[in-house]
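The values are calculated or read from the model by the stated rules, or taken from the named source; none is laboratory data. What you are looking at is a predicted structure, and each value in this text was computed from that prediction instead of being measured. With ligands, DNA and RNA removed, areas are computed over all heavy atoms of the protein, side chains included. Shrake-Rupley method; radii C 1.70, N 1.55, O 1.52, S 1.80 Å.
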Amino acid sequence: MSKGFTFIETILVAGIITILAGIALVSFLNSRNAHDLITSRQSVISLLRLAQAKTLAGEDGSVWGVHLEQAHAVLFRGNSYASATYTQVLALPQTVQITDILLTGGGVDVIFKKLSGETDQDGSFNVRVIGSGLLSSSVVVEKIGKVYESQTPPPTSGTRVLDTRHRSYHL
């Protein structure tokens, strides 16, 4: 009986380690893609809300909007992206893109109105991981200015969540 491992045993162990490493790598890449999708979607939603807030605050006495492109979203000041006097670019990770932009009027700009925060460019668009049909998220822009992920609409105005942990008793 000899001590040590045979060549077949060594190759078998190396194969098992390679398979396990491949599974771990795929899992890591999928979780990174999911993270990129979530953070990108939230960043675009935040940029839209920032444009609305700047418009409502009357910052620089102008309206603000967001221009949507495949690889990035651009915050701009003015009535149109083409004539914007200020821009701030939000670059998306290389694994994520904005697709299926369906806004009223067929454009790619969302511009908010002074005083009301409403928009005439309501509609939706998708933020998705490139090459993955499963990793996608739809963002909705309502005419009244609400912006949210389509699976989680905000509560309607006037609804109130009661905290049932605290009770008051009148004696």
Contact order normalised by length for the chain, with contacts defined as Cα pairs under 8 Å and 6 or more residues apart; what percent is it? 17 percent
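If I compute solvent accessible area with a 1.4 Å probe over the protein chains, what percent of it on the range 48-111 is carbon and sulfur? Could the numbers behind the result be given before it?
Working: 1610 of 3120 Å².
On the range 48-111, the fraction of accessible area on carbon and sulfur atoms equals 52 percent.
Given the DSSP H assignment, sum -39500 (n - 2.57) over each helix run of at least 4 residues in the chain and divide by its residue total; what's the result at 222 nm in deg cm²/dmol, nearest 500?
Values: 1 runs with 50 residues, N = 171.
Taken over the chain, the calculation gives -11000 deg cm²/dmol.
Using a 1.4 angstrom probe with every protein chain in place, what is the largest-first accessible-area order of Ser137, Ser31?
On the way: Ser137 5, Ser31 70 Å².
These residues rank, largest area first, as Ser31, Ser137.
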Can you tell me which lysines have their Cα less than 26 Å from the Cα of Lys113? Leave out same-chain residues fewer than eight positions away. Lys54, Lys143, Lys146
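In square angstrom, what is the accessible area per residue of the chain with a 1.4 angstrom probe? Intermediate results must be reported in sequence, preceding the final value.
Working: 11200 Å² over 171 residues.
For the chain, the solvent-accessible area averages 66 Å² per residue.
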